[in-house]
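Note sheet for the following structure.
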Amino acid sequence: MNSSIDLSVEINGLRFKNPVLTALGTFGYGVEFNDFFDISELGGFCTKGLSLHPMAGNAPGRIVETPAGMLNAIGLENVGVEAFIAEKLPQLETVDCHVIANILGKSVAEFVEIVERLNPFPKISAYELNISCPNIKEGGVQFGHDPVMAAEVVKAVAQSSEKPVWVKLSPNVTDISVFARACEEAGADALTLVNTFVGMAIDIKKRRPMLSNVTGGLSGPAIKPLALRMVYQAARAVEIPVVGIGGITTAQDALEFMIAGAQAVQIGTANFVDPLAGQKLVEGLRAYCEEQGLDSIRSIIGSLVELQPGDFLYY
């Protein structure tokens, strides 16, 4: 394998050794995956969503397997920002990749308070605002579904933050471009998209929902074409970097998102299927560059060839 190939990308002045990150809620607090591979091989990872106070999440059942994916209604279970600082963050000091702290709040003030608690810690490279989780009845849902409210929380956090502010967008909206532009104008440094789609499953024998929350977030390969379309739209609507998420399992999946305009990608559900998914994705990107004769992965970003009238497609 050609080690001279440059897989690095830059987002908001941060150099990522490669464009492979992991998505919130699928990688724990990072250190759990060190039993499988050295997570320093990744460009970075997103922590579980961090709230101001610990959250127990929803009652079981909370996860249901679906064709080509899964539904989850975990309910944002997490240890809370104080326990993260005291117990988890010290274990990450020796990890040689970027740590993106995903944060959530039930009010603008909570988002700001969490950021102010994390600002002093240099190991945190950026914040990812979770305004889009569909599993709770307040906070994320109302911010993620109203561009005015989304802009309000982004503006407040941007004013308080000492690090880049990324915003994770919900796909459960009419026009993703409206939300992308609203967040950009409010001061977002980058966008990550998409979060999960709202779905449900029913036990036909008991005739009851299979999730205690009734509905949950659909993720996995089933959502990839939808997520890819939204990343393409968002990348064309804003000037700030876009990070693509949604059903990414293979290097080919990641390459599609980057060609559509994503600067980097996050893998989520694939981590449950194969704990080595991130490591394999990095290897796959390097192999693609070698096969295509590319010195740098950056040359493919936003390289989609637009169709012209009369173009004939065949595969």
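The values are calculated or read from the model by the stated rules, or taken from the named source; none is laboratory data. Being a predicted model, the structure only gives us computed values, none of them experimental. For neighbour counting, all protein chains shown are included, and Cβ atoms are generated from backbone atoms with ideal geometry for every residue, glycine included.
Odds and ends about this structure:
- On inspection, Leu50 does not qualify as farther than 22 Å from Phe143 by Cβ and either modelled with pLDDT of 95 or more or surrounded by fewer than 18 Cβ atoms within 10 Å (Cβ to Cβ) (or both).
- Qualifying residue in segment 171-179 (condition: within 30 Å of Glu93 (Cβ to Cβ), surrounded by fewer than 18 Cβ atoms within 10 Å (Cβ to Cβ) and of a type in the set (Ser, Thr, Tyr)): no
- Of Asn34, Asn12, Asn102, all but one fail to be polar (S, T, N, Q) and either surrounded by 18 or more Cβ atoms within 10 Å (Cβ to Cβ) or within 18 Å of Ile131 (Cβ to Cβ) (or both); the exception is Asn102.
- Per-region count, segment 37-54, residues of a type in the set (A, V, I, L, M, F, W, C) and in a loop (DSSP other than H, G, I, E, B): 3
- Within segment 294-315, the residues that satisfy the criterion of being in contact with a helix residue (DSSP H, G or I) (Cβ under 8 Å, 6 or more places away or on another chain) and either free of Cβ contacts under 8 Å to residues at least 24 places away in the same chain or on the phi < 0 side of the Ramachandran plot (or both) are Leu294, Asp295, Ser296, Ile297, Ile300, Ile301, Ser303, Leu304.
- Restricting attention to segment 215-264 and to residues that are over 16 Å from Gly199 (Cα atoms) and of a type in the set (Lys, Arg), the residue that is farthest from the chain's Cα centre (by Cα) turns out to be Arg236.
- Flag for Glu291 being without any contact (Cβ under 8 Å) to a residue 12 or more places away in the chain, part of a helix (DSSP H, G or I) and not aromatic (Phe, Trp, Tyr): yes
- Single match in Asn213, Asn271 (criterion: over 25 Å from Arg15 (Cβ atoms) and buried (at least 18 other Cβ atoms within 10 Å of the Cβ)): Asn213
- Lys163 farther than 20 Å from Gly217 by Cβ, modelled with pLDDT of 90 or more and part of a helix (DSSP H, G or I): no
- Any hit, segment 211-227, residues being in contact with a helix residue (DSSP H, G or I) (Cβ under 9 Å, 6 or more places away or on another chain), among the aliphatic types (A, V, I, L, M) and closer than 22 Å to Ile300 by Cβ: yes
- Any hit, segment 271-279, residues being modelled with pLDDT of 95 or more, more than 16 Å from the chain's Cα centre (by Cα) and over 30 Å from Gly75 (Cα atoms): no
- Segment 182-211, residues that are hydroxyl-bearing (Ser, Thr, Tyr) and not in a strand (DSSP E or B): Thr196
- Selected residue (only one of Gly57, Gly105 is assigned to a loop (DSSP other than H, G, I, E, B), farther than 24 Å from Gly278 by Cα and in contact with a Ser or Thr (Cβ under 8 Å, 6 or more places away or on another chain)): Gly105
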